[in-house]
Amino acid sequence: MPITTAVTLLHTDGVGSAGDYLRAVEAGRCDSVDLLAVAVGAGGAVAVDETLDAVLGVSLAEVVAAAQLSGKPGQATSAVAKLGDAVLRVMFVGVGDRSASDLRKAGGELARQVRPGESAVADLCAGLTDDQLSALAEGIMLGSYRYSEKSADAEAPAKGTDVRLLVRLQADSADDAVSRAAAVAAAVALARDLANTPSARKCPQWLAEAAAEVATRAGLEMRVWDEQQLAQAGFGGIAAVGSGSARPPRLIQLRYAPPCARRHVVLVGKGITFDSGGLSLKPNDGMKLMKTDMAGGGAVIAVMSALAKLGVADRVTGLIAAAENLPSGSAFRPDDVITQYGGTTVEVRNTDAEGRLVLADAIAYADAELAPDQIVDVATLTGASRIALGGVRAALYSTCEELADGLLAAGEASGDRLWRMPLPDDYADLLDSSVADLANVPAGDEGGGSITAALFLRNFVGGRPWAHLDIAGPARSTSDEGDVTAGATGFGTRLLLNWLA
């Protein structure tokens, strides 16, 4: 959609404070805006600004005290002021301790206070580093995200993304920080769009076409396997999971190859475009969010879209294993034995544990054919991970300490936070089968479902450094909070871009 709204971040050069801005408006050097945002720090700290005090008719400290503002990130209140003939809304927004996480939350709340078509000025940047500015700008852009299928939006150029805030700075010295934030925010918005799109339109072929558009724009090489090619090449997991749908499966490969790459990383994303559970049918409530069951695959496509913009030096291959898991006369069944890529046989005990079957094919292919230095998969794999960790952190499993440490650090820096989980060998025999090399789930309700899913995947990495991100909790949100909006969150996109860049 066209950008109709702008937020200008005041900086130390030129117009550097709310008071400076107001004086510039009065002198005719700046246009008036609809909203002026002022920072409230930890403990309710606010900068002295006599010009703004005069416009409000009360001191900023008195406003903070009266509204009981603590400076908690994202906490906000508003007042109305008169500036000449114009009426100005003044927003007081908590920025906490000005950490990147706090600034993203503040930026997200600011974005929600700016109405479509309005312009705003934000006095939130005093003393911030480029990394902090980038986090603030990122929060503003992602907080403004909306996905809409409302009929009132039918005349818009496209339904879907409305990252409607143009963020700009008065100081050219910080342009790189905002440009970096814009590249990351655009990637996250893409991941959200892909996951938020209703499954009536979103089938594996649709996902392949969306990836093709990204490949064209980002200069990536692309390959797609259709259902016949998957069967012929031995991708038994993807073929089985997609066998119940009239809309056949796909394996999508995107390749980014900069000169003099340091290492080769393969990213593998689960691309289940709708998950009914197959013949092991989910209850209705369990299906309501399943249009987002391809959030991991969407994150991989989104990451691939931004690698060149961010100057990533690694060679990166993205694999998205896409299928629709539906019940029908042709669907795979409990007790079937399927053959994964590379020859490992798997007894299917539950067709609703399908994500690990498609990921196993893609991981085994990466190991055998792509010879990467590291493999990272990302998937909304188990409800057990959400039960264990809630909706804020994703579960991290890894066979490599260096890889795990890098991802954990990237998660903290990006806001996509992880929690390291164990891979205990004494759980591995829960996946033993009397008729196949492995079973896809334990025979009984043994608990530890996220762990056994990760242990299943470990069988296919061929001993390479590998990490598994189970994002079932934070991939979806039921409400707006900070830079997260209700619906798909794009979780994993910022994390992987931070780690790679």
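The values are calculated or read from the model by the stated rules, or taken from the named source; none is laboratory data. None of the values given here were measured: they were computed from a predicted structure. Cβ: placed from backbone, ideal geometry, glycine included. Neighbour counts: every protein chain shown.
Given the conditions (1) crowded, with 24+ Cβ neighbours inside 10 Å; (2) of a type outside the set (Phe, Trp, Tyr); (3) under 18 Å from the mean Cα position of the chain (by Cα), report the number of the one that ALA106 does not fulfil.
That leaves (3) as the condition not met.
Give the number of residues within region 19-41 that are within 29 Å of ASP97 (Cα to Cα) and acidic (Asp, Glu).
Within region 19-41, residues that are within 29 Å of ASP97 (Cα to Cα) and acidic (Asp, Glu) number 2.
Yes/no matrix, rows are residues, columns are (1) under 28 Å from ARG476 (Cα atoms); (2) among the β-branched types (Val, Ile, Thr); (3) in a helix (DSSP H, G or I):
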position: MET304; (1), (2), (3): yes, no, yes
position: LEU319; (1), (2), (3): yes, no, no
position: ASP335; (1), (2), (3): no, no, no
position: VAL358; (1), (2), (3): yes, yes, yes
position: ASP361; (1), (2), (3): yes, no, yes
position: ASP367; (1), (2), (3): no, no, yes
position: ILE375; (1), (2), (3): yes, yes, no
position: SER385; (1), (2), (3): yes, no, yes
position: VAL392; (1), (2), (3): yes, yes, no
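Of the conditions (1) assigned to a helix (DSSP H, G or I); (2) in contact with a Gly (Cβ under 7 Å, 6 or more places away or on another chain), LEU407 satisfies every one except a single condition; which number is it?
The failed condition is (2).
Select, from LYS282, LYS291, the only residue that is farther than 21 Å from GLU369 by Cβ and crowded, with 20+ Cβ neighbours inside 10 Å. I'd like the intermediate steps shown before the answer.
Details: LYS282 fails: crowded, with 20+ Cβ neighbours inside 10 Å.
When all the criteria are applied, what remains is LYS291.
Which numbered condition trips up PRO198, out of (1) assigned to a loop (DSSP other than H, G, I, E, B); (2) modelled with pLDDT under 95?
Here PRO198 clears every test but (2).
Hey, among the residues in region 353-370 that are in contact (Cβ under 8 Å) with a residue 12 or more places away in the chain and among the acidic types (Asp, Glu), which one's nearest to VAL266 (Cα to Cα)? Spell out how you get there, then give the answer.
Step one: of region 353-370, the residues in contact (Cβ under 8 Å) with a residue 12 or more places away in the chain are 353-368, 370.
If we keep only those that are among the acidic types (Asp, Glu) as well, we get 354, 361, 367.
Values: GLU354: 21, ASP361: 13, ASP367: 9 Å.
Looking at the filtered set, the residue picked out is ASP367.
Name the one entry in LEU457, LEU407, LEU430 that is of a type outside the set (Val, Ile, Thr), in contact with a Pro (Cβ under 6 Å, 6 or more places away or on another chain) and in the same structural domain as ASP314 (by TED's automatic domain parsing).
Being of a type outside the set (Val, Ile, Thr), in contact with a Pro (Cβ under 6 Å, 6 or more places away or on another chain) and in the same structural domain as ASP314 (by TED's automatic domain parsing) holds for just one of LEU457, LEU407, LEU430, which is LEU430.
Suppose we keep only residues that are out of contact with any Asp or Glu (no Cβ under 9 Å at 6 or more places or on another chain) and crowded, with 16+ Cβ neighbours inside 10 Å within region 424-440. Which one would you say is farthest from VAL348 (Cα to Cα)? Explain how you work it out, then say what you get.
Kept after step one, since they are out of contact with any Asp or Glu (no Cβ under 9 Å at 6 or more places or on another chain), are these residues of region 424-440: 424-426, 428-429, 431-432.
In the following step, the residues that additionally are crowded, with 16+ Cβ neighbours inside 10 Å were identified as 428, 431.
On the way: ALA428: 16, LEU431: 11 Å.
The selected residue is ALA428.
Rundown of residues vs (1) closer than 30 Å to GLU412 by Cβ; (2) surrounded by fewer than 18 Cβ atoms within 10 Å (Cβ to Cβ); (3) modelled with pLDDT of 95 or more, yes/no style:
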residue: GLY16; (1), (2), (3): no, yes, no
residue: ARG23; (1), (2), (3): no, yes, no
residue: ASP31; (1), (2), (3): no, yes, no
residue: LEU35; (1), (2), (3): no, no, no
residue: ASP53; (1), (2), (3): no, yes, no
residue: PRO73; (1), (2), (3): yes, no, yes
residue: LEU83; (1), (2), (3): no, yes, no
residue: SER99; (1), (2), (3): yes, yes, yes
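Listed here are the residues, each with its yes/no results for (1) touching a helix residue (DSSP H, G or I) at 6+ places or on another chain (Cβ under 8 Å); (2) within 28 Å of ARG263 (Cβ to Cβ).
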position: LEU457; (1), (2): yes, yes
position: ALA467; (1), (2): yes, yes
position: GLY473; (1), (2): yes, no
position: SER479; (1), (2): no, no
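Looking at GLY219, is it in contact (Cβ under 8 Å) with a residue 60 or more places away in the chain and loosely packed, with under 15 Cβ neighbours inside 10 Å? Quick ask: steps written out before the conclusion?
Working: in contact (Cβ under 8 Å) with a residue 60 or more places away in the chain: yes; loosely packed, with under 15 Cβ neighbours inside 10 Å: yes.
Yes: the conditions hold for GLY219.
Looking at (1) outside any helix (DSSP H, G or I); (2) more than 23 Å from VAL312 (Cβ to Cβ), find the lone condition where PRO259 falls short.
(2)
Within region 363-376, can you find the residues that are in contact with a helix residue (DSSP H, G or I) (Cβ under 8 Å, 6 or more places away or on another chain) and aliphatic (A, V, I, L, M)?
First pass over region 363-376, keeping only residues in contact with a helix residue (DSSP H, G or I) (Cβ under 8 Å, 6 or more places away or on another chain): 363, 372, 374-376.
Scanning region 363-376 gives ILE363, ILE375, VAL376.
Check VAL7 against each of (1) more than 21 Å from ASP102 (Cα to Cα); (2) modelled with pLDDT under 85; (3) not hydroxyl-bearing (Ser, Thr, Tyr) and name the one condition it does not meet.
(1)
Of (1) closer than 16 Å to ALA379 by Cβ; (2) not in a helix (DSSP H, G or I), ALA299 satisfies all except one. Which?
If we test ALA299 against (1) closer than 16 Å to ALA379 by Cβ; (2) not in a helix (DSSP H, G or I), just (2) comes out false.
Would you pick out the residues in region 230-247 that are part of a loop (DSSP other than H, G, I, E, B) and within 28 Å of the chain's Cα centre (by Cα)?
Residues of region 230-247 that are part of a loop (DSSP other than H, G, I, E, B), as a first pass: 234-235, 245-247.
Selection gives PHE235, SER245, ARG247.
Results for (1) touching a residue at least 12 places away in the same chain (Cβ under 8 Å); (2) closer than 18 Å to TRP499 by Cα; (3) among the hydrophobic types (A, V, I, L, M, F, W, C), shown as yes or no for each residue.
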| position | (1), (2), (3) |
| --- | --- |
| LEU251 | yes, no, yes |
| PRO259 | no, no, no |
| LEU281 | yes, no, yes |
| VAL316 | yes, yes, yes |
